[in-house]
Each structure stands twice: as structure tokens, then as C-alpha cells.
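The values are calculated or read from the model by the stated rules, or taken from the named source; none is laboratory data. Small disclaimer: the values here were computed from a predicted structure and weren't measured. FYI the Cβ positions are ideal-geometry reconstructions off the backbone, even for glycines, and counts take in every protein chain you see. Keep in mind that these areas ignore ligands, DNA and RNA; they rest on the heavy atoms of the full protein, side chains included. Shrake-Rupley method; radii C 1.70, N 1.55, O 1.52, S 1.80 Å.
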Number of protein chains: 2
Amino acid sequence: MTLYGGIEGGGTKFVCAIGNENGDLLETVRFPTTTPDETMGRALEFFRPHAEELASVGIGSFGPVDLNPNSPTFGYVTTTPKPGWSWADVAGPIRAGLGVPVGFELDVNIAAMGEHRWGAAQGLDTFIYLTIGTGIGGGVMAEGKLLHGAMHPEMGHVLLPHDRAVDPFAGACPFHGDCFEGLAAGPSIEKRWGQKGASLPEGHPAWELEAHYVALGLVSFICSLSPQRIIIGGGVMQQPQLFPLVREKVQKLLNGYLQIPAILEGIDSYIVPPALGGDAGVKGALALAFASTGSGL
Amino acid sequence: MTLYGGIEGGGTKFVCAIGNENGDLLETVRFPTTTPDETMGRALEFFRPHAEELASVGIGSFGPVDLNPNSPTFGYVTTTPKPGWSWADVAGPIRAGLGVPVGFELDVNIAAMGEHRWGAAQGLDTFIYLTIGTGIGGGVMAEGKLLHGAMHPEMGHVLLPHDRAVDPFAGACPFHGDCFEGLAAGPSIEKRWGQKGASLPEGHPAWELEAHYVALGLVSFICSLSPQRIIIGGGVMQQPQLFPLVREKVQKLLNGYLQIPAILEGIDSYIVPPALGGDAGVKGALALAFASTGSGL
């Protein structure tokens, strides 16, 4: 059986897996994202015993990343605020260390690929996979293709209405202060309320406010991209009270302007968690690996 | 020579033209958008003497429109606040009256097609054509295809930061109040300052504020869509002082986060007026007509 490698390289943790073309995960390892050398070293350690059997490896990395195959920094993380990772080569060490073709994408794009192939976006051609956790990022499939454009979307950095009378928190994005990520990612929740989101009770006003910002972000994406569905993963969205609140607020904010039945009548299946749960990314990395077998780097 | 018909159906005026496959306009007529019956009647009157020579007609209509060919209201304007035009059939009367294949698209999408074929977006695969006039709307080409998704983008209705201490104007959108269109379209400028934008002098604070909102909208679109270029047409953008102000503010708001050379080093050719000027829409309608010859409705 042909085997493939998948890497979901997040800003907090890396997940590496060996799988087959049905998306079955045969072996998996998770470890924290430390320095680039150490982290890529641990990934190589995991794959090396199987190097002979691997047809290719797909990597989805946290961003921003360079996705331009003609660029000298293709396969790099670029201007991240994450210490040590600015202009770090992610694809290079894997390609050199294993001698196999390597596919490289943004982490949210591979999660979108995973959901498209086996999850909540099967049969759709325009949808968004959004993650709200340590940061906020989004992958977009537009008319059947992953959207790169000039680089790739950076959906966490849209600017939103921010009523400082209601929420005086200035925002935590080092580049933009109170952009979507600066207001609504996990670290912002923690800074605003003085404790981690996971420890805030379900009825805490933090969740109403969080749902408000998520809904504002979604309205921006709906108006810009007209998605057929929005899938939202990430640690913050593990709070089960958020989905109903977000759906309700999106409908209120849009106020019936968009005659899209999926929004007007089917919002519960329009804004959904990933069907693959926490495996969307690493399974998508396998899907990317299949796609990369021939072309290779 | 094969001739084609093009209709740019705007909320304020209609432009109808007969042209060839080089985009040459052989005959053109412009008239105000009044009632659907009268307006579509005038369009038919213009084309009818040439009905025998026309291979097809392309129509770009103001939105929102129904672009789903399987829908009973395909070719209609849907929920517009424009009096009389809610659920008005635009494609039907042309198809029935001329007996030729008819292509139907959103007005900003045909302008994007025109700029892609003959204008400022030649050779690009991901870009935005935005218009700022009576309303604000945007057409998106994403990875080589016009973006429809669930319906089509409605870029004028993204929600933006609005500092009421600086700008107490509540916004003029009947659906959303202070969305992008509610803050920055022509009628909003007029309501805020008590006179039409065209009569405000170049150094009036209106333009600094207008450029601020346009820049906020563009940042939202850049983060969501990662366009390779943004083309902005429409009456408001006829103010020549706006382009330099908008470019400067976009760079300041993004604050170097996105490592996109076109933005960091080439902003003057990243945010541009339409190369086809006021003809982008009607020439795009011709391009749509060519594309519709075979398939037809």
C-alpha cells in the first residue's frame, strides 16, 4: 500500500501523521511548536523510519507563508510575530531530509482540503474554513480552487467595528491592535478577562462578546466571498454555546439583505464545526500529499 | 462581421451598445434607469433594428441579482432598495424580445470581465473590480473564475470600524446603517455634508474621511481575498485626490503585515482606476455576450 505523510504545523503544536489515500491515519504524533530547528527535527525523526514507504509529504503551515513556487523563500513562514519563526524554512528540511516530493500550503488551506474531501464541505465549490484559537486564520476555496491570489487570505486581520464603550480592551494584535484576531483570538479573551477562555463559565459575558466579534467577522467574509458554507474550528470554538450565538448574530447583522436560503432558512448547517474535528488539518495534509506526488518540489 | 449586444444596467443609468469581438463599440445609447418596464423597453428599442445581426447579448445588472441558472428567478434583480426593481426580471424581456442567447451577470462582474480582457487586469487571475458611486459593489475574479459562491459578493455591505466621535453620521444603508456603502457611497457623502460630493472642494475634510472608509474597506477585502490588484471605478472615485489618499491609508492600516511586494513597493499600480474608464461595464457585457453565444439561455 502506498503511504503518505501529512504535517499540520500550527503555531502551538505540530501534528504529523502517516496515512493512506482513504484518509486513514495509521500513525500519528503531536508535539509543541518550539524552535524551527527542534520542531522540524522532531517531524523528521517521526517520518525517517518510513522514508522508503512514503510517496510524498503534504505540509500545512501556520502563516503567513510564501506559496509562490518561483520565490526563493517558497515553503517558508514569513512575517509571523511568533518568536524565532520569522522567515523560517518549513518545507526545505522535510524535502531534504526525506528525499520525497513535498506539497506546501497554509494550515487553514489544508484543513479546507480535508473538509472538502472527507468532511463538511463535500460537493461545495466556494466555502471558508476558519480557525479561532491562538490566532485567527481562514482558508478559502473559491469556485473549486484554493484561493491564493497575491499571497493567501489573512482573514484574522480584517478590521471590524469596535465599540470601546462596550469593550474598552484595545486589542492584542501587534500589527493592528483591534483587528478580528486582536479582539477575538484566544490570547485576547485571556487578556481582556484576566483568565483563559477555557476557565470562563458558559454564562459569562465573555461569550456574548466573543460571538459578536465572530459574527462581525463572518458578515465581512460573507459579503466579500459569498461562501456556500463556513466551517469554524480552533480551540475557542470548542465552547458549545458559541455556535448558536454566532448564527443568531450573523442573521441579525445581515438583516435579510442577502437572499441566500442557506443563511435565511438553514443557518444551522451554514455555520458549522469541522466534520473531521481536530483531524481536518492533518487529513488535509494527506490530501495535499496525494496531490503532490507527481509534481513534487 | 458578427455583432454582439452589451447592456450595463446600473442603478442610475443603463448603457447599451453594439460591438464586435475586439471590444469596439459601434453604436451606444445611455438613458436613466426609471421603471423596469420603461427601462427594458428602451433597451429593446435600441437593439431591435439589429436583432438579425446579433449573435448574443450580455447583460450586467446592478444587484443583488439571481445568478443561479436553475432558479425560477434567474436573471432577476432581487432585494434591491431601489423602488420598483425588487424582483424585476431583467434578462427575460431581452431574451424574449430579441430571440437571441442572453448572458446575465452582476454589473461589477462584467466590469471585471472587461478589465480582465482589455484593461487593467489583463493576465491576472485574482483581482477585485470595485465601484463607488450611488452604491458600492464589487466583482471578484478568484483564481481565474468570476466568484459567485452562494450568490455573489455584496462588497458594499461589509461592516467597518466607525468612530462616531470623529464622524457622527449614522450611515445611510436601509439594511445596515453604517456598513461600507452606508458610510461611503455618494448619497452618504451628500447626506453627511449637506451637498453633493461633486460640489465639495478638493481640500474639504470630506475627502480625507472618504479615503479613510475606502481604505478600511480595501483592507477588509485584501485580508479576505488576497487580490493581485484592486480596480476602483464609479462616480465618487472621479475625485482625483482620492487615489493617493486611499493608497497611503491602506499601507498605514496594513502596517507591513502582509509581505506582498505589490502592496509594499508598488501600491500605485496595486490600487488603480479602470483602464477602460467608463466603458469597463459595457465592454465587459460584450465579453460576456461572446462567452454566451454557444450556451445561450
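Could you tell me how far the Cα centroid of the stretch B:201-259 sits from the Cα centroid of the stretch A:35-86, in Å?
What the calculation gives is 35 Å, centre to centre.
List, shortest first and in nm to one decimal, how far the label point of B:THR79 (7 Å from Cα along Cα→Cβ) is from its counterparts in the other copies.
3.7
Please report, in Å, the Rg and the Dmax of the stretch B:10-76, where both are computed over Cα atoms only.
Rg and Dmax of the stretch B:10-76, Cα atoms, are 13.0, 34 Å.
Taking the radius of gyration and the Kirkwood hydrodynamic radius from Cα positions alone, what is the Rg/Rh ratio for the protein assembly as shown, to two decimal places? Write down the numbers at each step before the final one.
Numbers: Rg = 24.5 Å, Rh = 24.8 Å.
That ratio equals 0.99.
Sort B:78-84, A:235-241 for me by packing, meaning the mean count of neighbouring Cβ atoms within 10 Å per residue, highest on top.
Ranking, from highest mean packing down: A:235-241, B:78-84.
What is the distance in Å between the Cα centres of the stretch B:130-159 and the stretch A:89-111?
33
Give the relative contact order (percent, whole number) for the stretch B:110-223; include only Cα pairs under 8 Å separated by 6+ residues. Each step should come with its number before you reach the end.
On the way: 144 pairs, mean separation 20.1, N = 114.
Relative contact order, the stretch B:110-223: 18 percent.
Charges only on Cβ, +1 for Lys and Arg, -1 for Asp and Glu: so what's the dipole of the stretch A:125-229 about the Cα centre, in debye to the nearest 20?
Rounded to the nearest 20 debye, it is 140 debye.
So, with a 1.4 angstrom probe, what is the percent of accessible area on the stretch B:38-82 that is carbon and sulfur?
Ligands and nucleic acids excluded, carbon and sulfur give 47 percent.
Where Rh is the Kirkwood radius over the Cα pairs of the stretch B:249-297, the temperature 10 °C and the viscosity 1.306 mPa s, what D in µm²/s does Stokes-Einstein return?
115
Give me the percent of Cα-Cα pairs in the stretch B:1-132 that sit more than 17 Å apart, rounded to a whole number.
The answer is 58 percent, as a whole percent.
Convex hull volume of the Cα atoms in the stretch A:147-297, per residue, in Å³?
That works out to 150 Å³ per residue.
So how do B:282-291, A:147-156, A:17-26, A:162-171 stack up, highest first, on mean other-Cβ count within 10 Å?
Details: B:282-291: 27.2, A:147-156: 25.4, A:17-26: 17.1, A:162-171: 13.6.
Order by mean packing, descending: B:282-291, A:147-156, A:17-26, A:162-171.
Using the crude model of +1 on Lys and Arg Cβ and -1 on Asp and Glu Cβ, and no other charge, please compute the dipole size for the stretch B:1-111 relative to its Cα centre, in debye to 20.
Using only the charged Cβ atoms, the result is roughly 260 debye.
First obtain the Kirkwood hydrodynamic radius of chain A from its Cα pairs, then insert it into the Stokes-Einstein equation at 25 °C and 0.890 mPa s, and state the resulting D in µm² per second as a whole number.
The Stokes-Einstein estimate is 126 µm²/s.
Taking B:ASP24 in one copy and the same position in all the others, each labelled 7 Å out along Cα→Cβ, what are the pairwise distances from the first, in nm, shortest first?
For B:ASP24, the other copies' label points sit at 6.6 nm, shortest first.
Under 16 Å from the 7 Å Cα→Cβ point of B:LYS13, by amide nitrogen: which residues of the stretch B:46-77?
Within reach of a label on B:LYS13, which here means backbone N under 16 Å from a point 7 Å along Cα→Cβ, the stretch B:46-77 contributes B:62.
Average partner chain C-beta neighbours within 10 Å, per residue of A:157-169?
Working: counts 10, 10, 12, 6, 7, 3, 3, 2, 1, 0, 0, 0, 0.
Mean shielding count: 4.
Using +1 at the Cβ of each Lys and Arg and -1 at the Cβ of each Asp and Glu in the protein assembly as shown, identify which of A:PRO244, A:ILE128, B:PHE62 lies farthest towards the dipole's positive end.
Going by the charge dipole, the pick is A:PRO244.
Give me D for the stretch B:133-207 in µm² s⁻¹, whole number, from Stokes-Einstein with Rh from the Kirkwood sum over alpha-carbon pairs, 20 °C and 1.002 mPa s.
In µm²/s, the coefficient is 156.
Can you give me the span-like helices of chain B, meaning DSSP H runs with 24 Å or more of Cα extent along the axis and Kyte-Doolittle mean at or above 0.5?
Qualifying helices: B:205-225.
What total accessible area, in Å², is buried where chains B and A meet, using a 1.4 Å probe and rounding to the nearest 100?
Chain pair B/A: roughly 3800 Å² of buried accessible area.
For chain B, what is the accessible area per residue in Å², given a 1.4 Å probe and the full set of protein chains?
On the way: 10880 Å² over 297 residues.
Per residue, chain B has an accessible area of 37 Å².
Longer than 32 Å from Cα to Cα, which of A:LYS13/A:LYS145; A:LYS249/B:LYS283; A:LYS252/B:LYS283 are they? Say none if no pair is. Don't skip to the end; give the middle numbers.
Details: A:LYS13/A:LYS145 27 Å; A:LYS249/B:LYS283 40 Å; A:LYS252/B:LYS283 38 Å.
Where the Cα-Cα span goes over 32 Å, the pairs concerned are A:LYS249/B:LYS283; A:LYS252/B:LYS283.
Could you sort the peptides A:172-179, B:222-229, B:243-250, B:179-186 by per-residue average Cβ neighbour count (10 Å cutoff), highest mean leading?
B:179-186, B:222-229, A:172-179, B:243-250
Within 10 Å of each Cβ in B:208-217, how many Cβ atoms from other chains are there, averaged over the peptide?
Numbers: counts 0, 0, 0, 0, 0, 0, 0, 1, 3, 3.
Whole-number average of other-chain Cβ neighbours for B:208-217 is 1.
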